[in-house]
Amino acid sequence: MRRLPGWARAELRADPACAGLTTGEARWYAERALDEGRRQAEPYRGRNPLELAAELGVSVSVTDRDPVVAGRHVLAEYDAATRGIAVCRASLEERADEVGERRAMAEHVAHELYHHLEATCLGRLEERLPPVVVRQVLGLWPVRRRVRACSEIAARAFAETLAGAALEGEEEATG
Ligand SMILES: [Zn+2]
């Protein structure tokens, strides 16, 4: 059995739709999402995410505001209406301390490029996976909930595959 990355487990734990899932069920969603993100990155392997964004007609900017989506602080945001990626400066600088500026930028942009692909051709991953059926104690009908964490897990797997491959050789060369 493959080991799930800690960040993927954290994404699932933060998703209210997953509250009633067994460990095995949660793993099923995470594995679909990891596979999907990596598979979608394959055609772009080795490409610089910033160049790829330009090629796909997606603009990239760095913003000083802290984007909040559904009550959560996000690292960056993709706006389908403007086909624009806004990367949060604070998040970028924090990650740059760990992996360097170029890689931090590549990761953030690559992550949002996955959401761009979802918005323009793939559709949100959670909509393509079966919903979680929640049986309510007092409710008459079971509630169906989409696992939104799947889209985030796929985006991160996409970013790691894409940005990792694009920058590996370069980082070795510069130390
Ligand atoms: Zn995301």
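Values for this structure:
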read-out: Gained length - Arg38 relative to Leu140, 0.36 nm times residue gap less alpha-carbon distance; value: 32.8 nm
read-out: Percent RCO, i.e. relative contact order, over the chain, from Cα pairs under 8 Å lying at least 6 residues apart; value: 31
read-out: Net dipole in debye of the chain [+1 Lys, Arg Cβ; -1 Asp, Glu Cβ; about Cα centre; nearest 20]; value: 1040
read-out: Contact order normalised by residue count of region 92-147, Cα under 8 Å, 6+ apart, percent; value: 20
read-out: Sequence-distant residues sharing a close amide H with Thr63 (under 5 Å, placed H); value: Val87, Cys88, Arg89
read-out: Tilt relative to the chain, helix 89-99 - C-alpha long axis, 0 to 90 degrees, to 10; value: 70
read-out: Region 14-19 - phi-based ³J(HN,Hα) in whole Hz, Karplus 6.51/-1.76/1.60, Gly and Pro as x; value: 7, 8, x, 5, 8, 3
read-out: Cut-off 16 Å, label 7 Å out along Cα→Cβ of Asp64, residues of region 93-113 by amide N; value: 93
read-out: Principal-axis tilt of helix 23-41 within the chain, Cα atoms, nearest 10 degrees; value: 30
read-out: 0 to 90° range, to nearest 10: angle between helix 149-174 axis and the chain longest Cα axis; value: 20
read-out: Ranking of Glu152, Glu51, Glu25, Glu98 by count of other Cβ atoms within 10 Å, fewest first; value: Glu98, Glu51, Glu25, Glu152
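A short reminder: the numbers here are calculations on the coordinates, not readings from a lab. All values derive from a computational prediction rather than experimental measurement. When we count neighbours, we look across all protein chains shown, and the Cβ atoms used for this are built from the backbone with ideal geometry, even at glycine.
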